[in-house]
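The values are calculated or read from the model by the stated rules, or taken from the named source; none is laboratory data. Just so we're clear, the structure is a prediction, and the values are computed from it rather than from any experiment. We place every Cβ from the backbone using ideal geometry, glycine too, and count neighbours over all the protein chains shown.
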Ligand SMILES: C[S@@+](CC[C@H](N)C(=O)[O-])C[C@H]1O[C@@H](n2cnc3c(N)ncnc32)[C@H](O)[C@@H]1O
């Protein structure tokens with residue numbers, strides 16, 4: 001008898017129902033990411049891309065955007081960077097801050113991190129990270145806040161947390177806790193104190209919401225990588241991206 005297919009994660013149906021309540025007819029689909037085909041995520045599938053959303057759906061989306069249902073450009077780039085440079089996370093406790101779908105957490109776990117947390121204040125994101133970790137066969141623990149981490153992370157990874165400029169103070173907050181790898185596509189002239197820009201890459205938020213192409217330019221920063229050998233390894237890759 002052929003083996004039974006693995007049963008879906010119990011939170012998948014809850015996520016699908018939540019998204020369907022926000023956007024009528026919307027569905028979740030699981031596909032490999034264009035820039036990170038090693039990772040498959042359950043993401044938004046718009047079945048009627050040519051039909052504009054009604055006002056009620058637009059308002060609901062504006063009030064509680066399901067960030068977790070897209071993989072943001074920076075999430076793709078940081079996941080790609082980590083999978084190409086597993087030595088940055090191998091054996092470490094890594095916390096993906098503003099995890100959304102959990103894309104960077106999944107990449108860190110695949111790259112050999114010892115323990116991985118996906119931290120997001122949105123409870124639906126925590127469910128999405130759990131579903132996507134299970135889909136990729138890796139262990140990721142979910143958290144609502146940095147203060148809930150049971151151990152201090154060695155490295156915080158964060159992708160596209162600055163979609164709102166009010167989030168800028170978060171950069172100091174995470175840098176006060178551990179070394180940071182940050183990816184950003186939202187603020188072109190971003191130059192935060194203590195952070196060093198070391199690479200750039202192109203990617204599209206996925207599925208492509210058709211945003212202005214300026215948001216396809218992703219910049220990578222590190223902060224507080226105190227081990228000089230590790231800093232040199234990060235900087236060596238400047239021209240590969
Ligand atoms: C634009 S999404 C990016 C998701 C993912 N990192 C990616 O690149 O696809 C930003 C996420 O940050 C989360 N977020 C924003 N402020 C936060 C905070 N103070 N604490 C935890 N999560 C936060 C949001 O809920 C959202 O899921």
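Please work out if residue 181 is modelled with pLDDT of 95 or more, out of contact with any helix residue (DSSP H, G or I) (no Cβ under 7 Å at 6 or more places or on another chain) and either more than 11 Å from the ligand (Cβ to nearest atom) or farther than 30 Å from residue 6 by Cα (or both).
No.
Can you tell me which condition residue 140 does not meet? The list is (1) within 12 Å of residue 94 (Cα to Cα); (2) out of contact with any helix residue (DSSP H, G or I) (no Cβ under 6 Å at 6 or more places or on another chain), and all the others hold.
Failing condition for residue 140: (2).
If residue 137 meets every condition in (1) in contact with a strand residue (DSSP E or B) (Cβ under 6 Å, 6 or more places away or on another chain); (2) at positive phi apart from one, which number is that one?
With (1) in contact with a strand residue (DSSP E or B) (Cβ under 6 Å, 6 or more places away or on another chain); (2) at positive phi applied to residue 137, the lone miss is (1).
Looking only at the range 106-129, how many residues end up being touching a residue at least 40 places away in the same chain (Cβ under 8 Å) and within 14 Å of the ligand (Cβ to nearest atom)?
Of the residues in that region, 10 qualify.
Taking the range 147-178 as the search range and keeping residues that are in contact with a strand residue (DSSP E or B) (Cβ under 6 Å, 6 or more places away or on another chain) and within 22 Å of residue 64 (Cβ to Cβ), which one is nearest to the ligand (Cβ to nearest atom)?
In this case the residue turns out to be 159.
Out of (1) within 16 Å of the ligand (Cβ to nearest atom); (2) within 30 Å of residue 151 (Cβ to Cβ); (3) in contact with a helix residue (DSSP H, G or I) (Cβ under 6 Å, 6 or more places away or on another chain), what's the single condition that is false for residue 44?
All conditions are met except number (2).
Are any residues in the range 89-105 within 17 Å of residue 39 (Cβ to Cβ) and either within 12 Å of the ligand (Cβ to nearest atom) or at pLDDT below 95 (or both), and if so, which ones?
Hits for the range 89-105 are 96, 99, 100, 101, 102, 103, 104, 105.
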